[in-house]
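In what follows, a single structure is set out as structure tokens and then discussed.
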Amino acid sequence: EAGVAQSPRYKIIEKRQSVAFWCNPISGHATLYWYQQILGQGPKLLIQFQNNGVVDDSQLPKDRFSAERLKGVDSTLKIQPAKLEDSAVYLCASSSRTTGGKYEQYFGPGTRLTVT
Amino acid sequence: AQSVTQPDIHITVSEGASLELRCNYSYGATPYLFWYVQSPGQGLQLLLKYFSGDTLVQGIKGFEAEFKRSQSSFNLRKPSVHWSDAAEYFCAASNSGNTPLVFGKGTRLSVIA
């Protein structure tokens, strides 16, 4: 089966500009996550969707970040306006239930954002 | 607060030598535990996972991990490292159910000839 798709793979913008990232999860996966991975650190959750509803956005900087998953499939993460500290890799993941009733997350290749 | 700690930022091993990467967690209840590997410019690939039961779990690429409740640890091991194992390794944990992962800061593995 196809994996989690993300685009673009790389993006360079100037501070105060806006940027959008796109994610297409694995077919049939109801749960979608966006993580931010700053250089030298592990990924940190930004937002979790279940179908087209938000489950957890407590760590999303809502003054500049927004995300949507309108039809419960693809998702878009937007930053407006960008700051230097937003330079990071943005990872999208989707999850499925295993045969044992547990959940596993599958990650896309990420979008590397550089803010200059 | 829930947290995952990887004490070693960078480890260098010789090809063919054994490997152990450390991971400790701090959770109210025993979490689900995972090890992921990330090669440069790539996403995260799941190596192995622990939900419950047998405390020694086998993963892909010859990796295994042992869950030790008394030490709140989930260390990753490989008996013989290959040059292609050079990458960043992340330990992660989550509560039961369909919940977000909490990651450690990662351990960068270098392999020398």
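Where a number appears in this text, it was derived from the coordinates with a stated rule and is not lab data. Computed from a predicted structure; not experimentally measured. Backbone-built Cβ (ideal geometry, glycine too); neighbour counts: all protein chains shown.
Explain nothing, just the number: dipole magnitude of the protein assembly as shown about its Cα centre with +1 on each Lys and Arg Cβ and -1 on each Asp and Glu Cβ, in debye rounded to the nearest 20.
Magnitude of the dipole: close to 360 debye.
Sticking with the crude label model, points 7 Å out along Cα→Cβ, report the distance from A:K62 to A:E85 in nm, one decimal please.
Once both label points are built, they end up 1.9 nm from each other.
Over the Cα atoms of chain A, compute the convex hull volume and normalise it per residue, giving Å³.
Convex hull of Cα atoms, per residue: 100 Å³.
Pick from A:I26, A:I12, A:I79: which is most flexible by mean-square fluctuation in a GNM of chain A where alpha carbon atoms under 10 Å apart are linked?
A:I12
If you build a Gaussian network model of chain B, linking Cα atoms that sit under 10 Å apart, which residue out of B:G16, B:G62, B:G43 swings the most?
B:G43
What is region A:38-104 by shape, rounded, prolate or oblate, if you read a ≥ b ≥ c off the alpha carbon gyration tensor as root eigenvalues and call it rounded for a/c under 1.5, prolate for a/b larger than b/c, and oblate otherwise?
Oblate, since a/c reaches 1.5 and b/c is not below a/b.
Of the options B:F74, A:Q6, B:L101, report the single residue whose Cα projects farthest towards the positive end of the charge dipole of the protein assembly as shown (beta-carbon charges: Lys, Arg +1; Asp, Glu -1).
Farthest along the dipole direction, towards plus: A:Q6.
Can you give the extra length, in nm with one decimal, that the chain gains between A:L70 and A:T116 once fully stretched, where that is 0.36 nm per residue apart less the Cα-Cα distance?
Value of the extension gain: 13.5 nm.
Between B:R77 and B:T55, how high is the FRET efficiency from 1/(1 + (r/R0)^6) when r is the Cβ-Cβ distance and R₀ = 22 Å? Nearest 0.05.
Result of the calculation: an efficiency of 0.95.
Can you give me the Cα centroid spacing of region A:30-80 and region B:50-113 in angstrom?
Answer, in whole Å: 25.
7 Å from Cα along Cα→Cβ at both A:T99 and A:N52: what's the point-to-point distance in nm?
3.5 nm
³J(HN,Hα) across region B:18-25 via Karplus (A = 6.51, B = -1.76, C = 1.60, θ = phi - 60°), whole Hz, x for Gly/Pro?
7, 9, 9, 10, 8, 8, 10, 10
Residue-wise, which Karplus ³J(HN,Hα) couplings in Hz belong to region A:59-68, taking 6.51 cos²θ - 1.76 cosθ + 1.60, θ = phi - 60°, and x for glycine or proline?
With the stated coefficients, region A:59-68 comes to 9, 8, x, 5, 6, 9, 9, 9, 8, 8 Hz.
Within region A:61-90, whose backbone N sits under 20 Å from a point 7 Å along Cα→Cβ of A:E14?
A:79-88
Which of A:L39, A:L91, A:L77 moves most in a GNM of chain A, Cα contacts under 10 Å?
It is A:L39.
Give the relative contact order (percent, whole number) for chain B; include only Cα pairs under 8 Å separated by 6+ residues.
With pairs under 8 Å counted, the relative contact order is 37 percent.
Of A:K83/B:K49; A:K62/B:K68; A:K11/B:K78; A:K102/B:K78; A:K44/B:K68, which sit over 27 Å apart, Cα to Cα? All intermediate terms of the calculation are to be shown ahead of the outcome.
Numbers: A:K83/B:K49 36 Å; A:K62/B:K68 39 Å; A:K11/B:K78 36 Å; A:K102/B:K78 25 Å; A:K44/B:K68 25 Å.
From the list (A:K83/B:K49; A:K62/B:K68; A:K11/B:K78; A:K102/B:K78; A:K44/B:K68), the Cα-Cα distance tops 27 Å for A:K83/B:K49; A:K62/B:K68; A:K11/B:K78.
Roughly how many debye, to the nearest 20, is the charge dipole of chain B about its Cα centre, given +1 on each Lys and Arg Cβ, -1 on each Asp and Glu Cβ, and no other charges? If you can, show how the numbers build up before the last one.
Values: 9 positive and 8 negative charges, 38 e Å.
Value, rounded to 20: 180 debye.
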